Amino acid sequence: MIELAVILLRLVQYSAASVLMGSALFFVYALPARGPASAASLRWAKPLLIGAALMLAAGTLLGLALQTEMLADELSAEALTAVVTQMDLGKAAVARAALALIAAICAMVVPRGRTLWLGTGVLGSLACATFGWMGHGAATEGGGHTLHLVADVLHALAAAGWIGALVAFAALAAPPGQEPERLSALSAALQRFSPVGISLVAALAATGLVNVWYLIGTDVAAVLRDPYAQLLALKLVLFTAMLALAALHRQRSVPALAATLETNLLPQGDVLASLRRSLFGEAALGLAVLAAVAWLGTLAPPA
């Protein structure tokens, strides 16, 4: 039961950090700086970041307590102090919770705008970077320690950038009957995200290969009988499905939306409905990938 709770709290942390970083930075590079279609005009933007920051702080502190109980067979002040002061996992958790609380306070007091989006995006990025010390990369010994740890950190940052942007996209596309300015901003955001998304996917692929090398090894046929390798294979299948959906809506829905807007016509319902389904499906697959990652963190890799 405790192990399941640890997995769920890991999922909460990954999801909340992805929104805190990826959605906040998305508001900066994908949406206009001001005007009726800017992120500052979105009433849900600020509550989204506040909620994500508070969820990250709460999930981190609860996860630290449960992790301590698993490691020490009891939750006591002495055991918690030892984990926080002597283990990188504990130190990273404290830093992550502190960053999340600072981000929550900033989101509450700073007005909606670029300063808020950039500030919370940077704090969210730093919080995501601490996940490197919650994974297997921090436990790698020998000369490969630094490379594996850096790969873990970059992998977490790239994943958060992609999934957080998907959450923002889904929220932008969700309301029916939107005004032309909002639809134009959505279309432009989809096009601006394309090179960013390609870079994030490339980073995920490169750092994923490093992780596979250290955690799985080269004897794929043998390790596929291992639960860790099987779950990792499932994660790769889900990741591939995300790529397929992303390619589908970029090749069909995005050009169709842009074409109708260029002719000064409101997009037909089927165009927007198709885009919504694709974005919601991609976001759901992203959540499933994070769930697989949360589970993988509790298993011992074959290598």
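Within the range 148-166, not a single residue is surrounded by fewer than 16 Cβ atoms within 10 Å (Cβ to Cβ), of a type outside the set (Ser, Thr, Tyr), modelled with pLDDT under 95 and not in a helix (DSSP H, G or I).
Can you tell me which residue is surrounded by the fewest Cβ atoms within 10 Å (Cβ to Cβ) among those in the range 132-147 that are aliphatic (A, V, I, L, M) and either modelled with pLDDT under 85 or not in a helix (DSSP H, G or I) (or both)?
Here the residue is Ala139.
The set of residues in the range 99-112 that are buried (at least 16 other Cβ atoms within 10 Å of the Cβ) and over 17 Å from the mean Cα position of the chain (by Cα) comprises Leu101, Ile102, Ala104, Cys106, Ala107, Arg112. So which residues in the range 172-201 are out of contact with any Lys or Arg (no Cβ under 8 Å at 6 or more places or on another chain), polar (S, T, N, Q) and assigned to a helix (DSSP H, G or I), if there are any at all? Within the range 172-201, Ser184, Ser187, Gln191, Ser199 meet the criteria.
Let me confirm something: among Met55, Met70, Met21, Met87, which residue is more than 22 Å from the chain's Cα centre (by Cα), within 24 Å of Leu154 (Cβ to Cβ) and of a type in the set (A, V, I, L, M)? Before you say what the answer is, go through the steps one by one.
Working: Met55 fails: more than 22 Å from the chain's Cα centre (by Cα); Met70 fails: within 24 Å of Leu154 (Cβ to Cβ); Met21 fails: more than 22 Å from the chain's Cα centre (by Cα).
Criteria check complete, one pass: Met87.
For first residues located in the range 57-78 and within 15 Å of Arg96 (Cβ to Cβ), partners that are of a type in the set (S, T, N, Q) and surrounded by 14 or more Cβ atoms within 10 Å (Cβ to Cβ) and lie 6+ apart or on another chain with Cβ distances below 6 Å form the pairs Gly59/Gln13; Thr60/Gln13.
When the range 84-98 is filtered for residues that are free of Cβ contacts under 8 Å to residues at least 40 places away in the same chain and surrounded by fewer than 20 Cβ atoms within 10 Å (Cβ to Cβ), the ones remaining, listed by number, are Val84, Thr85, Gln86, Met87, Val94, Ala95, Ala98.
The values are calculated or read from the model by the stated rules, or taken from the named source; none is laboratory data. Computed from a prediction, not measured in an experiment: that's the story for all the values here. Cβ atoms come from the backbone with ideal geometry, glycine included; neighbour counts cover every protein chain shown.
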